[in-house]
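One structure is given below, encoded as structure tokens.
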Amino acid sequence: MNLGLVALVSLLLYRHRRLSSLLVAAVGVAAIVVRGYVVPYTPQFAPRLVAASPLPDDFFKGGPEASERESLTVTDVDGETVLSKLAAAGAVVADGELVRPAGSIDEAWHREMDRLADRSLAELAATARETLPNVDTVEGFEDGDAEWLAVGTGHGELVARPVAVAELAAYRALGESVEDTGVRLAGARAFRMFLDSCPVCSTPLEESSEVSCCGGYSDPRNSPDDLLVCPTCRQRVYTFPTE
Ligand SMILES: [Zn+2]
């Protein structure tokens, strides 16, 4: 959290004063490295934030190194390129100012999501291994009320179950029209922005903000990341990219 705050302050300053921004970044990161935190009283309030976070507790308690990860896929294709390649393949179509999945792809995607929604975590993990070329080691991980796929060895990096369902389904649906594996993977990730209900529990998704859980940020001129979250699964399903 402290690193994020330093990054945020640096970014805000960066708009106006590049030198001081770099200084904040350098001093801030150094302070975190030396003290473990830069915000005063972090040891007092951090545990409360951790308690409010959906991430499993042991990840903050000196347990195995693991963190939430945005996607099952790994890609170096940027968003604009992905959309233009998906459009060229007929997988997404323009709808006024917006794009949306093409009809047949959209149907295939939702059919696949429905099929995967009831799978156990172990079955979902097996499907991820069989389906995705970039995923070798993946296991189900349950933490009280949240369900994840842990990707990688050890505790791995945690991908929320709704994210995994949406991406696996999209990867399969895109196979009909997209040959390039890299574009297909990136497309599977991007397709989550088109979700309006949770692929696991069908609850309508809500827009939320990165910091609404913490109440520590209230500058109206600079909005933090906007998220799509499932209020029932209590997990984020999509993070809108900041400009
Ligand atoms: Zn849900």
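The values are calculated or read from the model by the stated rules, or taken from the named source; none is laboratory data. Because the structure is a prediction, the values reported are computed rather than measured. Reconstructed Cβ throughout: ideal geometry from the backbone, glycine too, with neighbour counts over all protein chains shown. The accessibility values were calculated without ligands, DNA or RNA, using every heavy atom of the protein model including side chains. Shrake-Rupley method; radii C 1.70, N 1.55, O 1.52, S 1.80 Å.
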Checklist outcome for this item: Distance in nm between ALA88 and GLU207 label points, each 7 Å along Cα→Cβ, equals 3.2 nm
Checklist entry - Is the shape of the stretch 88-176 best called rounded, prolate or oblate, per the rule: a/c under 1.5 gives rounded, else a/b larger than b/c gives prolate, else oblate, with a ≥ b ≥ c the square roots of the Cα gyration tensor eigenvalues? => result prolate
Checklist entry - Roughly how much of ARG161 is accessible, in Å² to the nearest 10, using a 1.4 Å probe? => result 30 Å²
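Tell me, what is the FRET efficiency for THR153 and THR181 to the nearest 0.05, using R0 = 35 angstrom and their Cβ-Cβ distance as r?
0.95
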Checklist outcome for this item: In the neighbourhood of ALA160 defined by beta carbon distances under 14 Å, the net charge of the other residues (Lys, Arg +1; Asp, Glu -1) is -2
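With a ≥ b ≥ c taken as the square roots of the eigenvalues of the C-alpha gyration tensor of the stretch 90-242, please select rounded if a/c is under 1.5 and otherwise prolate if a/b is larger than b/c or oblate if it is not? Spell out each step's value before the answer.
Working: a/c = 1.72, a/b = 1.11, b/c = 1.55.
The shape class here is oblate.
By the scheme Lys and Arg +1, Asp and Glu -1, what is the net charge of all other residues having a beta-carbon under 13 Å from that of ALA190?
On the way: positive: LYS85, ARG100, ARG184, ARG189, ARG192; negative: GLU70, ASP78, GLU80, GLU167.
Summing Lys and Arg as +1 and Asp and Glu as -1 gives +1.
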Checklist entry - What's the FRET efficiency of PHE194 with THR242 using the Cβ-Cβ distance as r and R₀ = 25 Å, to the nearest 0.05? => result 0.85
Item to check | the stretch 105-213, accessible area per residue, ligands and nucleic acids excluded (1.4 Å, Å²) | outcome: 44 Å²
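Summing +1 for each Lys or Arg and -1 for each Asp or Glu, what net charge is found among the other residues whose Cβ lies under 15 Å from the Cβ of LEU124?
On the way: positive: ARG115, ARG119, ARG129, ARG161, ARG172; negative: GLU112, ASP114, ASP118, GLU123, GLU130, GLU139, GLU142, GLU147, GLU167.
Once all neighbours under 15 Å are counted, the net charge is -4.
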